[in-house]
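A.B. asks: Just dropping this structure here.
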Amino acid sequence: MKKYYITTPIYYVNDSPHIGHAYTTIATDIVSRWKKLQGFDVFFLTGTDEHGAKIVQSAQAKGKTPKELCDETSQYFKEAWDLLNIDYSGFIRTTDEKHEKTVQLITQKLYDKQLIYKKKYEGLYCVHCEKFLSEKDLDETGCCPDHKKPPITHCEENYFFKLSIFNEKLIDMIENPQNPNHIEVLPETRRNEILGKLRLGLEDISISRANLQWGIPLPFDTTQTVYVWVDALINYISAIGYSDDKNTFEKYWPADVHLMAKDILWFHSVIWPAILMGADIPVQKSVYSHGFFTINGEKMSKTIGNVITPKELVEKFGVDASRYLAVSLIPFGPDGDISIQALSHKYNIDLANNLGNLISRTNKMAEKYFEGKIPTYDGEDTLTKNVAEILENGYGQAIEGMQFHKAAEIFQQAITLINQQIENDAPWKLAKTDTIKLAQCMFAYFQSTALIAIYITPFMPTLAKKIWALAGATGDFESISKKYFADKLIPKDGFCPIGNKLGNFEIMFPRIETEKK
Ligand code: MSP
């Protein structure tokens, strides 16, 4: 069985989960579920980033110890992912013992290989980014451009990692697909930005802190703790057993894709592979960064009061629709703007009007004309073939290429095709004139809707099963779906056996009133 290892960033515990974190995590879950359907043995990792100055400051402000804050917030993340039906395989916390051990093993290895040295350093540091900035990184007011806060001056003797010696290697690895250690940095525009920056040259980086106790002690000098970003990146190998489960580690590493937003692409495409190379570990295969979104044109922030939480999303749209909407409203890659209004609008068009309407009208007709059962039928079902053709063309590639809005578009085309076919057939007229043709048409509607259920599973895992039952399809949904993807053959007698009773009808996507704010 082929393996697939996909990761989200590990989220800082100074903030509670919001739609930004959910965006990346839902996307990762969709790819992971899709790959599982394609027969891959998938490991999907997420977790929380719990060390560093930012966490200490935030805990102090809340009158808690860092550990208390970490325990509380990492639990909130787990609850949010449960709520959104995120089927992760591992949840790593950087305060986990196996993680701390791995960080010490790796830093010791780098030290033994003389890739780490001590140096006095003075520089500007943004605690919110947890990174050093140079004068030219600051905005016109002398603040960090991302956080609009002035950096602090950081002056101490630290350990440095010889990042600069990896400069040429990294350029070739990212640029040259023939390089056996090629890292695909996507999308292309961002890869070019990374390459541009790499061509300006790399400086060595400080990888420890002398005056920060909330961190992992360096094994060769326990008076210093490991820099939070070095600590955090190592999660991708500690979680799959680098220090305690060699078999699992060897099975899944290297990661197939690290997913994140553009803010942290540099750490993942430059610093992380350099650490891996330094420690003689193969590098990851690819890194995909998506854009940042604003809410109603503004940066999401507690002060503005426009933060959308997973709970609010789910209360408004339900779990499965939230998953679908979050990743399909704007293209995954560039920056974009979202709002509850825009999400509601898409909900009504795609889900209430198109998919919801298909299910409710076919169920009502089955009830009216065939006692809620799949009618007896023999003949050619070209509708399902046409629906299959639409879905087989580009839907899977769109998911694997992180183009979720594109996958959703293809999916909507397939549903529209069935709805149009119903209009053309006019079953309500056939009921009076040609009941044999009526049965044939109805059978095709259910068959094609069952196929729709198979394809929508990664986006809407729970409703997909309901749609399957409402289409009168039977058998183990998961294994039938996997079999379908393995041979792309619709079973000879269809998914929906003749005479089978349809599942109990319920309105899946009630329309949402959208009023202008
Ligand atoms: N702890 C680091 C990551 C370490 S990974 C080894 C970190 N954490 S974070 O909590 O700030 O999460 C950043 C990530 O959250 C982004 O890369 C992105 O995946 C997601 N997003 C947070 N806000 C977002 C938006 N407004 N828009 C899109 N994604 C957002 O950085």
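A.B. asks: Just to be sure I understand the filter: pairs with C-beta atoms under 9 Å, separated by 6 or more residues or on different chains, first member in segment 13-26 and without any contact (Cβ under 8 Å) to a residue 60 or more places away in the chain and among the charged types (D, E, K, R), second member near the ligand (Cβ under 8 Å from one of its atoms) and open to solvent by 20 Å² or more (accessible area, probe 1.4 Å). Which pairs pass?
C.D. replies: Asp15/His21
A.B. asks: Ok, one more. Within segment 5-24, count every residue that is assigned to a helix (DSSP H, G or I) and within 8 Å of the ligand (Cβ to nearest atom).
C.D. replies: Number of matching residues: 5.
A.B. asks: With the structure loaded, tell me whether Ile359 is surrounded by 20 or more Cβ atoms within 10 Å (Cβ to Cβ), more than 30 Å from Pro427 (Cβ to Cβ) and of a type in the set (Val, Ile, Thr) or whether it fails that test.
C.D. replies: no
A.B. asks: Condition first: more than 11 Å from the ligand (Cβ to nearest atom), part of a helix (DSSP H, G or I), within 16 Å of the chain's Cα centre (by Cα) and over 21 Å from Asn14 (Cβ atoms). Can you find one or more residues in segment 308-319 that meet it?
C.D. replies: Yes - at least one qualifying residue is present in segment 308-319.
One line per residue, one yes/no per condition, for (1) open to solvent by 30 Å² or more (accessible area, probe 1.4 Å); (2) out of contact with any Cys (no Cβ under 9 Å at 6 or more places or on another chain); (3) at pLDDT below 95; (4) not basic (Lys, Arg):
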| residue | (1), (2), (3), (4) |
| --- | --- |
| Val31 | no, yes, no, yes |
| Leu45 | no, yes, no, yes |
| Asp49 | no, yes, no, yes |
| Val56 | yes, yes, no, yes |
| Ala59 | no, no, no, yes |
| Leu69 | no, yes, no, yes |
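A.B. asks: Kindly provide the set of residues from segment 307-341 that are surrounded by fewer than 19 Cβ atoms within 10 Å (Cβ to Cβ) and over 19 Å from Leu84 (Cβ atoms), ordered by number.
C.D. replies: The answer is Pro331, Pro334, Asp335, Gly336, Asp337, Ser339, Gln341.
A.B. asks: Are any of the residues in segment 239-247 open to solvent by 40 Å² or more (accessible area, probe 1.4 Å), within 15 Å of the ligand (Cβ to nearest atom) and either of a type outside the set (Phe, Trp, Tyr) or free of Cβ contacts under 8 Å to residues at least 24 places away in the same chain (or both)?
C.D. replies: no
A.B. asks: What's the number of the only condition in (1) at pLDDT below 95; (2) surrounded by 19 or more Cβ atoms within 10 Å (Cβ to Cβ); (3) away from the ligand (no atom under 13 Å from the Cβ) that Gly379 fails to meet?
C.D. replies: Checking Gly379 against (1) at pLDDT below 95; (2) surrounded by 19 or more Cβ atoms within 10 Å (Cβ to Cβ); (3) away from the ligand (no atom under 13 Å from the Cβ), the one that fails is (2).
A.B. asks: Looking at (1) within 27 Å of Val228 (Cα to Cα); (2) within 13 Å of the ligand (Cβ to nearest atom), which is the only condition Phe332 fails?
C.D. replies: Of (1) within 27 Å of Val228 (Cα to Cα); (2) within 13 Å of the ligand (Cβ to nearest atom), only one is false for Phe332: (1).
A.B. asks: Could you identify the single residue in Lys488, Lys429 that is at pLDDT 95 or above and basic (Lys, Arg)?
C.D. replies: Sole residue among the options that is at pLDDT 95 or above and basic (Lys, Arg): Lys429.
A.B. asks: Can you tell me how many residues in segment 249-303 are part of a helix (DSSP H, G or I), open to solvent by 20 Å² or more (accessible area, probe 1.4 Å) and within 13 Å of the ligand (Cβ to nearest atom)?
C.D. replies: 4
A.B. asks: Going through Phe91, Phe40 one at a time, which residue ends up being hydrophobic (A, V, I, L, M, F, W, C), open to solvent by 10 Å² or more (accessible area, probe 1.4 Å), more than 16 Å from the ligand (Cβ to nearest atom) and at pLDDT 95 or above?
C.D. replies: From the options Phe91, Phe40, the qualifying one is Phe40.
A.B. asks: Now a separate question. Between Ala414, Ala453, Ala431, Ala408, which is in a helix (DSSP H, G or I) and either over 26 Å from the mean Cα position of the chain (by Cα) or over 27 Å from Ser344 (Cβ atoms) (or both)?
C.D. replies: Just one listed residue meets the conditions, Ala431.
A.B. asks: Let me ask another. Restricted to segment 485-511, and to residues that are of a type in the set (Gly, Ala, Ser) and under 32 Å from the mean Cα position of the chain (by Cα), which residue is surrounded by the most Cβ atoms within 10 Å (Cβ to Cβ)?
C.D. replies: The residue in question is Gly503.
A.B. asks: Moving to a separate point now. Among the residues of segment 191-207, write down those that are in a loop (DSSP other than H, G, I, E, B) and either buried (at least 16 other Cβ atoms within 10 Å of the Cβ) or among the hydroxyl-bearing types (Ser, Thr, Tyr) (or both).
C.D. replies: Leu202, Asp204, Ile207
Each row is one residue, and each column tells you yes or no for (1) surrounded by 19 or more Cβ atoms within 10 Å (Cβ to Cβ); (2) modelled with pLDDT of 95 or more; (3) of a type in the set (Asp, Glu).
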position	(1), (2), (3)
Leu115	yes, yes, no
Cys126	yes, no, no
His147	no, no, no
Asn167	no, yes, no
Ile171	no, yes, no
Asn176	no, yes, no
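A.B. asks: Could I ask something else about it? So which residues in segment 213-238 are more than 13 Å from the ligand (Cβ to nearest atom), open to solvent by less than 40 Å² (accessible area, probe 1.4 Å) and assigned to a loop (DSSP other than H, G, I, E, B)?
C.D. replies: Once the filter is applied, which keeps residues that are more than 13 Å from the ligand (Cβ to nearest atom), open to solvent by less than 40 Å² (accessible area, probe 1.4 Å) and assigned to a loop (DSSP other than H, G, I, E, B), segment 213-238 yields Gly215, Ile216.
A.B. asks: With the checklist (1) out of contact with any strand residue (DSSP E or B) (no Cβ under 7 Å at 6 or more places or on another chain); (2) more than 13 Å from the ligand (Cβ to nearest atom); (3) small (Gly, Ala, Ser) in hand, flag the one item Ser32 doesn't pass.
C.D. replies: (1)
The values are calculated or read from the model by the stated rules, or taken from the named source; none is laboratory data. Here the structure is a predicted model, which means the values were calculated and not measured. When we count neighbours, we look across all protein chains shown, and the Cβ atoms used for this are built from the backbone with ideal geometry, even at glycine. The accessibility values were calculated without ligands, DNA or RNA, using every heavy atom of the protein model including side chains. Shrake-Rupley method; radii C 1.70, N 1.55, O 1.52, S 1.80 Å.
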